[in-house]
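The structure appears right after this line, and notes come after that.
Here, each number is a calculation from the coordinates, and none is a lab measurement. Source: prediction; values computed, not measured. All Cβ positions, even for glycine, are placed from backbone atoms using ideal geometry, and neighbour counts span all protein chains on display.
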Amino acid sequence: MDDQAEKEMSTSSGSWLGRLWRTIAVPLAAVLLAMLIGAILLAISGADPIKAYSALFDGAFGSMKAFGRTLAKATPLIFSGLAVAFAFKAGLFNIGAQGQLLFGALVSAVAGFMIHGLPPFLHATLALLIGASAGALYAAIPGALKAYTGAHEVITTIMLNYVAINITDYFADGPFKDTTGGNIVARTPEILDSARIPTIGNIPLGFVLAVLAAVVVWWLLWHTTLGFEIRTVGLSPHAAKYAGMKVAFTVILTMVISGFLAGAGGAIETQGIVGRYQPGFNAGLGFDGITIALLGKTHPFGIIPAALLIGAMKAGASTMQFDAGVAKEITDVIQALMLFFVTADMIVRKLIHARDDGGEKITLSGWGQQ
């Protein structure tokens, strides 16, 4: 009997390890293939690939300060990755995380320099929640359009990104412009010290909040009734409606939560890194969330290492540029290649002879559905 139990435990363990390997095989292979092709491009451009990647590693992990910089770069990426992945679970493609993140960054900055007299913890928390709520409200627009008119969220969120960029630019160069010292740059005043999210040693507190957010999202999706409804709507809106679920409400709420996460990423970038809102400082963070969500297989716990990888590339890019004479754009090319190989997973599976993991698939509602 004991031998049988031991055999079953061994089989279960092997099965678990097999599932884990099938889950990470394609993203891992995508990263390695992208790095390999990146090395070829570096060699063609006249740079030493080994020296370049060594400099990249040193810039990202070579010291505690560098490691802290990597965590800081990864923090908003975790939030934007969670935002995109959360929407995916309901079959929605939230390309508007960039606009939602910008509103979160701007509104938290306004709350950070306009609200006075609050103790540090309360002020920082309030500014973060206000910024995240701004992202949530902005995401509710495409959610409502999707639920009540059938307008596809891919189109509406793309368009709303441009609206967000222009509105935040206007406020940063208009009503909320920093005029101290004759400043002519489009930016808000610095937030008060009481609104700042601190760094503990070399560890940004914002990164800790990002990891906690991933845990909360995981628990919400797989251990609550709401999470079950979200995933059911993502798999089949018609079946969810037939089962008595409020599909329209679920779609809107999913987009609101997705926008809240994106807005929180922008708020933490403002309160923990930049110290104000300035156009251009948050460029691309929301769009990077798509890459991170796919690299992480749209799982909250997979998004953390994916964001750390992209954050390390961003943190070490300048070191690679100066120490190895490599153009900073090379890291963008490598990142794009990672996204390509992850999305073209059939190519990667052929190369590494990996079978389909049989896991949850990304299903986007609205394309050709009645």
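See the values below:
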| item | result |
| --- | --- |
| Region 110-211: C-alpha gyration tensor shape, a/c 1.5 cut-off, then a/b vs b/c | oblate |
| 5 Å-binned pair-distance histogram of region 66-147 (Cα, whole percent) | 3, 14, 19, 20, 18, 14, 8, 3, 1 |
| Overall Cα dimensions of region 260-322 - principal axes, largest extent first, Å | 36, 32, 17 |
| Cross-link pairs 146/297; 73/328; 65/177; 89/241 - those with Cα-Cα distance over 20 Å | 146/297; 65/177 |
| Point-to-point label distance, residue 336-residue 242, nm (Cα→Cβ direction, 7 Å offset) | 4.4 nm |
| Added length on full extension, which subtracts the Cα-Cα distance from 0.36 nm per residue, residue 180 to residue 249 | 20.3 nm |
| Label-reachable residues, region 198-230, where backbone N falls under 15 Å from a point 7 Å from residue 121's Cα toward its Cβ | 198 |
| Residue 63-residue 202 pseudo-label distance in nm [points 7 Å out on the Cα-to-Cβ vector] | 0.8 nm |
| The chain: calculated mean residue ellipticity at 222 nm from DSSP helix runs of at least 4, using -39500 (n - 2.57) | -25000 deg cm²/dmol |
| Cα point-scatterer Debye curve for region 73-324, base-10 log of I(q)/I(0) at q = 0.14, 0.15 Å⁻¹ | -0.88, -1.00 |
| Mean Kyte hydropathy of -0.5 or more with a Cα span along the axis of at least 18 Å, helices from DSSP in the chain | 2-44, 64-89, 97-114, 120-149, 153-172, 205-223, 247-269, 300-324, 329-343 |
| Packing rank of 211-220, 249-258, where each peptide gets the mean count of other beta carbons within 10 Å, highest leading | 249-258, 211-220 |
| Cα-centred dipole magnitude for the chain, charges only on beta-carbon of K, R (+1) and D, E (-1), debye, nearest 20 | 380 debye |
| Top of 81, 316, 289 by mean-square fluctuation, Gaussian network on the chain, Cα under 10 Å | 316 |
| Highest average packing first - 270-277, 86-93, 73-80, Cβ atoms within 10 Å | 73-80, 86-93, 270-277 |
